[in-house]
Amino acid sequence: MTAALVVISGADHWTLKDGTRHPTGYWAEELVVPHRTFRAAGLDVTLATPGGVIPTVDRLSLTPEANGGEDGADAMVAYLATIQDELSHPARLEDVDPDAYDLVFYPGGHGPMEDLATNVTSGHLLTRVLDSGAPLGVLCHAPAALLAARRPDGSWPFAGYRLTSFTDAEEAMVGLAEKAPWLLQDRLVEQGARFVGAPPFAPHTVVDRNLYTGQNPSSSAELAEELMQAVRVHR
């Protein structure tokens with residue numbers, strides 16, 4: 001059976017530059033939409049977090065405002081309930097063998113800015129998957145995890161790759177740009193990424209070789225479908 005590894009942030013906050021904590025976690029849509037797509041296609045999905053920590057959902061991602069109304073919010077909550085056992089017992093990222101999976105995917109939310117951006121284990125895994133040629137998907141704030149990847153000579157594996165992520169403009173629109181200790185778009189560009197942004201909150205994905213990136217939550221469905229197509233080709 002085709003298998004997918006979904007690596008979720010274990011953080012429940014992002015520390016802002018004044019030292020205060022911004023409550024966060026994974027963004028529901030960015031987990032639910034791809035997970036539903038993978039499961040519908042018959043993939044065996046494994047959820048993993050650093051240390052096997054039970055992941056926290058960003059509560060804002062469950063509001064009607066974030067889901068186009070009450071019905072959308074209810075549907076998001078209902079789907080999360082169907083995978084609650086998986087979410088309550090995630091695999092330890094440290095124990096995961098990336099070669100056992102045909103697809104690796106990281107959903108976003110500000111959480112990855114706090115933990116995965118500096119997680120050496122995750123960085124090694126991302127480098128290994130990139131070099132394997134297997135489809136690697138990172139969505140919204142999840143490209144923060146790419147920052148932890150390094151080759152033995154200290155170089156960044158993703159230098160020169162075309163990619164996207166939650167943009168500086170989007171951070172400004174949600175009121176966090178001035179409070180943030182660092183911005184993801186800036187960090188990716190500093191490391192050598194060829195950043196490709198689109199208008200704020202418009203669905204937008206970028207594909208470069210086996211790296212699949214999505215700019216924001218509204219990119220979730222498109223990115224999931226592109227990853228599924230990539231899995232079919234890669235197999």
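Pairs linking a residue in the range 172-197 that is in contact (Cβ under 8 Å) with a residue 12 or more places away in the chain to a residue that is aliphatic (A, V, I, L, M) and part of a loop (DSSP other than H, G, I, E, B), with Cβ atoms under 8 Å and 6 or more positions apart or on different chains, are Leu176/Leu16; Lys179/Leu16; Ala180/Leu16; Pro181/Leu16; Leu183/Ala177; Gln191/Ala159; Gly192/Ala159; Ala193/Ala159. Quick test of your reading of the structure: Gly25 fulfils all but one of (1) under 19 Å from Thr121 (Cβ atoms); (2) under 17 Å from the mean Cα position of the chain (by Cα). Name the failing condition by number. Here Gly25 clears every test but (1).
Residues in the range 98-132 that are open to solvent by 30 Å² or more (accessible area, probe 1.4 Å) and small (Gly, Ala, Ser): Ala100, Ser132. For the condition under 22 Å from Leu5 (Cα atoms), assigned to a loop (DSSP other than H, G, I, E, B) and hydroxyl-bearing (Ser, Thr, Tyr), Ser165 qualifies.
All told, Ala202 falls short of being part of a loop (DSSP other than H, G, I, E, B), over 21 Å from Pro112 (Cα atoms), in contact (Cβ under 8 Å) with a residue 24 or more places away in the chain and open to solvent by 20 Å² or more (accessible area, probe 1.4 Å). On the basis of being hydrophobic (A, V, I, L, M, F, W, C), touching a residue at least 12 places away in the same chain (Cβ under 8 Å) and within 22 Å of Trp14 (Cβ to Cβ), does Ala221 make the cut? No; evaluated as a whole, the condition is false for this residue. Within the set Val233, Val189, Val174, the sole residue that is β-branched (Val, Ile, Thr) and within 30 Å of Thr2 (Cα to Cα) turns out to be Val233. Of all residues in the range 7-29, those that are within 20 Å of Asn216 (Cβ to Cβ) have Cβ atoms under 6 Å from Cβ atoms of residues that are assigned to a loop (DSSP other than H, G, I, E, B) and among the hydroxyl-bearing types (Ser, Thr, Tyr), 6 or more apart or on another chain, in Trp14/Thr24; Gly25/Thr56; Tyr26/Ser9. In the range 1-62, counting only strands (runs of 3 or more DSSP E) that sit wholly within it, the ones holding 1 or more residues that are buried (at least 19 other Cβ atoms within 10 Å of the Cβ) span 3-7, 13-15, 44-49. The single residue among Ala75, Ala66 that is modelled with pLDDT of 95 or more, of a type outside the set (D, E, K, R) and farther than 23 Å from Glu114 by Cβ turns out to be Ala75. Residues that are exposed (fewer than 15 other Cβ atoms within 10 Å of the Cβ) and polar (S, T, N, Q) were ranked within the range 64-97; the one that is farthest from Val120 (Cα to Cα) is Thr82.
The values are calculated or read from the model by the stated rules, or taken from the named source; none is laboratory data. Every value quoted in this text rests on a predicted model; they were computed, and no experiment measured them. Neighbour counts are summed over all protein chains in view; Cβ atoms, including those assigned to glycine, are modelled from backbone coordinates with ideal geometry. What goes into the accessible areas is simple: the full protein's heavy atoms, side chains included, and nothing from ligands, DNA or RNA. Shrake-Rupley method; radii C 1.70, N 1.55, O 1.52, S 1.80 Å.
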